[in-house]
Amino acid sequence: MDNMLPSPALEDIELGTPHHALEEDQMIAPSAQDQQQKGAGNVYSFGFTPQNMLSSGHTPQNMLSSGHTPQNMLNSGHIPNTPQNLLASTPHNLLSSSGATPRGLDQGGLMGAGGQQPSHHYAPVALPAPPSPAMPIPTPGANDIVPQLQNIVSTVNMGCTLDLKKIALSARNAEYNPRRFAAVIMRIRDPRTTALIFRSGKMVCTGAKSEEESRLAARKYARIIQKLGFQTKFKDFKIQNMVGSSDVKFPIRLEGLVLTHSQFASYEPELFPGLIYRMVKPRIVLLIFVSGKVVLTGAKVREEIYEAFDNIFPILKNFKKQQ
């Protein structure tokens with residue numbers, strides 16, 4: 001007895017029934033739940049209560065002594081109402097059996113012998129919820145022209161004092177002429193941009209076509225300066241200006257436009273061939289040409305470019321040249 005192995009610890013066994021998800025209850029129709037509750041209440045309606053069974057002598061000992069064991073019940077052909085046997089008599093199995101067509105079920109399948117109702121009752125199954133309507137596709141308005149970004153100007157502070165002569169002599173694609181301009185001009189190919197690097201550590205990056213390209217280019221320039229031995233950082237990155245362009249695809253009468261909107265527009269064809277339109281909200285400056293080309297500048301975010309073009313497009317349509 002001392003050499004027997006210890007039994008497994010009972011505290012490792014978790015007792016209780018598993019919890020079911022609330023979605024399972026919600027998938028059952030209310031009428032089906034009522035029938036299930038009524039069916040559960042009918043178990044004791046025929047007198048099969050534990051007290052009646054004990055009083056009539058149907059105790060476990062008497063049932064075993066009379067030979068009513070599970071093995072004898074199976075051998076005698078009595079099929080117990082197990083979940084597997086109940087699932088075997090589903091509507092799909094009934095329909096798949098020979099002769100169990102819908103018409104045959106009406107005549108004799110569902111109506112038992114002598115026109116009696118069968119003993120099997122199936123609870124109605126809740127139908128799945130209808131699919132949610134698709135999101136509406138935005139339809140283009142009167143203006144379906146989208147301006148394209150042409151240039152983004154951004155600034156960044158590298159946080160250290162730089163030796164511009166050392167940078168110009170050590171870095172590739174860099175030029176420095178202090179007599180002409182007090183900054184190193186450096187260029188890279190990917191993204192195709194140009195940087196102005198000042199002695200104070202400030203840098204201006206131009207030429208990018210998107211906000212992501214401008215930030216990536218500024219980081220590449222800062223990395224090049226760092227590899228030259230300077231303790232550079234990447235602080236205070238900010239987009240200072242965005243330039244976009246568009247084409248309205250029709251010629252514009254600039255003389256009529258400047259007379260009607262003289263408060264916001266100025267047009268001097270002897271000095272500059274384009275009309276300068278200064279929009280108040282958003283604060284954007286537009287260069288409008290007689291060919292229909294429009295240049296928008298002065299934005300901090302691209303949404304201001306789109307908003308300014310949507311505002312000016314109906315005005316330009318009113319001054320369209322009649323061909």
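May I ask you to list the lysines whose Cα is less than 19 Å away from that of LYS165, ignoring any residue fewer than eight positions away on the same chain?
The reachable lysines, counting only those whose Cα sits under 19 Å from LYS165, are LYS202, LYS227.
Each label point is 7 Å from the Cα along the Cα-to-Cβ direction; what then is the distance between the points at ASN173 and CYS160, in nm?
About 2.2 nm, to one decimal.
In the structure shown, do any of LYS166/LYS300; LYS166/LYS235; LYS300/LYS321; LYS233/LYS293; LYS238/LYS317 have a Cα-Cα gap over 30 Å, and if so which? Walk me through the numbers on the way to the answer.
Details: LYS166/LYS300 34 Å; LYS166/LYS235 23 Å; LYS300/LYS321 33 Å; LYS233/LYS293 41 Å; LYS238/LYS317 35 Å.
Over 30 Å apart, Cα to Cα: LYS166/LYS300; LYS300/LYS321; LYS233/LYS293; LYS238/LYS317.
Find how much the distance from GLN231 to PHE289 grows on full extension, using 0.36 nm per residue of separation minus their present alpha carbon separation; answer in nm with one decimal.
On the way: separation 58, 0.36 × 58 = 20.88 nm, distance 4.75 nm.
Contour length minus the Cα-Cα distance gives 16.1 nm.
Can you tell me, using C-alpha contacts under 8 Å and at least 6 residues apart, the relative contact order of region 149-286 as a whole percent? Display every interim value, and only then the final one.
Values: 242 pairs, mean separation 37.5, N = 138.
Rounded, it is 27 percent for region 149-286.
Could you size up the charge dipole of region 260-319 around its Cα centre, putting +1 on the beta carbon of Lys and Arg and -1 on that of Asp and Glu, and report it in debye to the nearest 20?
The dipole of region 260-319 has a size of about 120 debye.
I need the calculated FRET efficiency for the pair ARG187 and ARG302, taking r as the beta carbon distance and R₀ as 35 Å, to the nearest 0.05. Spell out each step's value before the answer.
On the way: r = 24 Å, r/R0 = 0.70.
That pair, ARG187 with ARG302, gives E of 0.90.
Run the numbers for ASP144 and SER210: contour at 0.36 nm per residue of separation, minus the present Cα-Cα distance, in nm.
So the chain would gain 21.7 nm between ASP144 and SER210.
Would you work out the charge dipole size for region 145-194 about its Cα centre, treating the Cβ of every Lys and Arg as +1 and the Cβ of every Asp and Glu as -1, and quote it to the nearest 20 debye? Show your work: numbers first, answer last.
Working: 8 positive and 3 negative charges, 41 e Å.
Dipole magnitude for region 145-194 comes out near 200 debye.
Test of understanding: what is the full-extension gain from PHE272 to ASN151, defined as 0.36 nm times their sequence separation minus their Cα-Cα distance?
Between PHE272 and ASN151, full extension yields 41.4 nm more.
What is the dipole size for region 183-320, taken about its Cα centre, with +1 at each Lys and Arg Cβ and -1 at each Asp and Glu Cβ, in debye to the nearest 20? Provide the component values of the computation, followed by the final result.
On the way: 24 positive and 13 negative charges, 169 e Å.
Once rounded to the nearest 20, the dipole reads 800 debye.
Quick note: the coordinates plus some simple rules give every number you see, no bench work behind them. Not measured: the values here are computed from a predicted model. Methodologically, a virtual Cβ is constructed for each residue, glycine included, from the backbone with ideal geometry; neighbour enumeration extends over all protein chains shown.
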